[in-house]
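In what follows, a single structure is set out as structure tokens and then discussed.
The values are calculated or read from the model by the stated rules, or taken from the named source; none is laboratory data. Only a predicted model underlies this, so the values are computations on that prediction, with no experimental measurement involved. Cβ sites come from the backbone with ideal geometry, for glycine too, and all protein chains shown count toward neighbours.
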Amino acid sequence: MEDLRGPRQEIDRIDGELARLFEARMAAAAEIAARKRALGLPVRDPAREREVLEQAAARIENPALRPRFAALMEALMAQSRDYQEELNTGNPNSILPERGALRRAASLLDLDRRVFLVTDDGVPVQYTEALAAQCRDATVYTVPRGEGSKSPESLTALLEAMLRAGLTRGDCVAAVGGGVVGDLAGLAAALYMRGIDWYNLPTTLLAMVDSSVGGKTAVNLGGVKNAAGAFWQPKAVLIDPEVLDTLPRRQRSNGLAEAVKMALTHDAQLFARFENPAGYGPVEEIIAACLRIKTAVVAADEREAGLRRVLNFGHTLGHGLEAAAGGRLLHGEAVALGMLPLCAPEVRARLIPVLERLGLPTYVNFDLDMDKALEAICHDKKSVEGGVETVFVPAVGRFAFQTADLRELKALLSTLTRQQALGNRH
């Protein structure tokens, strides 16, 4: 067996590199799918497939291996076709992940019309200016940063500004910012003249991996998060990782919480990347992995009638904690805390060091207003007969739906107080 160790280690190394290359290839395939959709082209391209096979044969020096490599490439192209067809038929979004995409927005989006740009005062102005410069006719509308802008009053003011700008049904809205901007601008686009096009250009990691995709738009109402909204798919989502260069560390950690959420419920290998003491690798790869998960879930259940509810993992308790925190927790930080009580003990033992390494909280470091948190949870849209639906992770990469009543919810929240949380770690 000792004689096999060296070759096996080499195969393991090569397999790891193949996995990385496969993810990169499928990300490129997703971009091609989006552009084919925009141009009205079919996914299948026989001439291109023959060209790829001919190139493949020429790249293999050993003649005996050429037929095997050709068979491998045929299988790989079949996977690519299936993935592109799934994206273009099951998911209404065109998702365009590309470094430098913001600078090339005019070649990727239809900006030859009135474009109403919505942003907030926390987004670096150069991003909005870069997009506005590529539009035929641009209006920039800026809202205050923060959850307070997701209000009926802000929505009404935005709609009135769109009307004053003379937008018609042939014009569009573009959201440049994080989840708050995307939710607000997307809902305004859904309501204005019964629905006009909108583009989502997320500038935070949180929005890139989660809220920018899926078509959920909303404002908060009566103290309840996302109580009034609509499913209104963006015409395209333009994801440019370059804009993350200006993102503060806390905001980057905020976004990674959503990535960890998706890994825990769907992808054990992705979660293992977060466990690596040397780091999780290029952020582009994390974004791509999360987009694959999110688009597949949305394609299967666009309006959250079933499977899409899994994306609420960590959110059920997290929304309650966010409401009770009074601004002391960012959304991703609340979600990170909300995941912990809904994991099996062995999963929680792996999750805690990951959250700590990413700079995310593992217990509530303020006096928790339990009544306020429970009130927010029970008024959340995830309430069902008999209690509140939660998502539980029994093992990394797996999930189950459960219902918890008020007493059980209070017990779950209590595990997050400092003393109780520290006790649970031993």
**Fill in**
Checked Ala188, Ala207, Ala263, Ala259 against criteria (surrounded by 24 or more Cβ atoms within 10 Å (Cβ to Cβ), in contact with a helix residue (DSSP H, G or I) (Cβ under 6 Å, 6 or more places away or on another chain) and closer than 22 Å to Ala325 by Cα); the one match is Ala207
**Neighbours by Cβ (under 9 Å, 6+ apart or cross-chain): first from the range 272-284, more than 12 Å from Leu358 (Cβ to Cβ); second assigned to a loop (DSSP other than H, G, I, E, B) and not charged (D, E, K, R)** = Ala272/Val396
**Message:** Given (1) assigned to a strand (DSSP E or B); (2) touching a residue at least 60 places away in the same chain (Cβ under 8 Å); (3) closer than 21 Å to Leu311 by Cα, identify the lone condition not met by Gly229.
**Reply:** (2)
**Message:** Can you tell me how many residues within the range 301-325 are under 22 Å from Ile239 (Cβ atoms) and more than 16 Å from the chain's Cα centre (by Cα)?
**Reply:** 0
**Asked** Of the numbered conditions (1) under 24 Å from Leu291 (Cβ atoms); (2) at pLDDT below 85; (3) part of a helix (DSSP H, G or I), Leu76 satisfies every one except a single condition; which is it?
**Response** (2)
**Which numbered condition Val176 fails, given (1) assigned to a helix (DSSP H, G or I); (2) assigned by TED's automatic domain parsing to the domain that holds Pro241; (3) in contact (Cβ under 8 Å) with a residue 40 or more places away in the chain** = (1)
**Request:** Considering only residues that are of a type in the set (A, V, I, L, M, F, W, C) and modelled with pLDDT under 85, look in the range 1-18 and name the one that is farthest from Leu291 (Cα to Cα).
**Result:** Met1
**Request:** Report the residue count in the range 311-326 for those that are touching a residue at least 24 places away in the same chain (Cβ under 8 Å) and either touching a His at 6+ places or on another chain (Cβ under 8 Å) or farther than 20 Å from Met208 by Cβ (or both).
**Result:** 9
